[in-house]
1. Would you mind telling me which residue in N16, N56, N64 has the biggest mean-square fluctuation in a Gaussian network model of the chain, where springs connect alpha carbons within a distance under 10 angstrom?
2. Could you report the range 36-76's accessible area per residue, 1.4 Å probe, as an integer in Å²?
3. Which residue, K63, K44, K25, tops the fluctuation ranking in a GNM of the chain built on C-alpha contacts under 10 Å?
4. Only Cα pairs under 8 Å and at least 6 apart count here; give the relative contact order of the chain as a rounded whole percent.
5. Any idea how far apart K74 and A22 come out in nm if each label point goes 7 Å out from Cα toward Cβ?
6. Hey, what angle do you get for helix 13-33 against the long axis of the chain, alpha-carbon based, 0 to 90 degrees rounded to 10?
7. Students often forget the sequence filter, so: which aspartates and glutamates lie under 15 Å Cα-Cα from K63 once same-chain residues fewer than 8 apart are removed?
8. Could you state the per residue volume, in Å³, of the convex hull enclosing the Cα atoms of the chain?
Amino acid sequence: LEVQGHTDIRGSRQSNLLLSTARAKAVLDALVKRGIDKGRMTSKGYGPDKPLDSANNEAAWQKNRRVQFIVLEKKGGATVKTK
């Protein structure tokens, strides 16, 4: 499982990358605290690079500030990438 952190486009690129990385790691740490094996997960911050909505307004910014879970591998060895 990849835990992805995302931000909106406001602020500097460097700040957004740091924020999104911290956001993803915080969620991963919370899952580990609740008993999920850390070896089954990874976290990564994407900053503003993968927006859900490319508009430049408050509604778009809210959609783009998020954490997503991406399944990288399913049991049985089949590698897939799904949302």
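The values are calculated or read from the model by the stated rules, or taken from the named source; none is laboratory data. In this text, all values refer to a predicted model and were calculated from it rather than measured experimentally. Please note: Cβ atoms are built from the backbone with ideal geometry, for glycine as well, and neighbour counts cover all protein chains shown. We work out accessible area using only protein heavy atoms, side chains counted, and drop any ligands, DNA or RNA first. Shrake-Rupley method; radii C 1.70, N 1.55, O 1.52, S 1.80 Å.
1. Its mean-square fluctuation being the largest, the pick is N56.
2. Values: 2850 Å² over 41 residues.
Solvent-accessible surface per residue comes out at 70 Å².
3. Result for the chain, Cα springs under 10 Å: K63 fluctuates most.
4. Values: 152 pairs, mean separation 33.3, N = 83.
For the chain, the relative contact order is 40 percent.
5. Distance between the two pseudo-spin positions: 3.7 nm.
6. It works out to around 30 degrees.
7. By straight Cα distance, K63 reaches D8, D49, D53.
8. Working: hull volume 7.7 nm³, N = 83.
Per residue, the Cα convex hull of the chain comes to 93 Å³.
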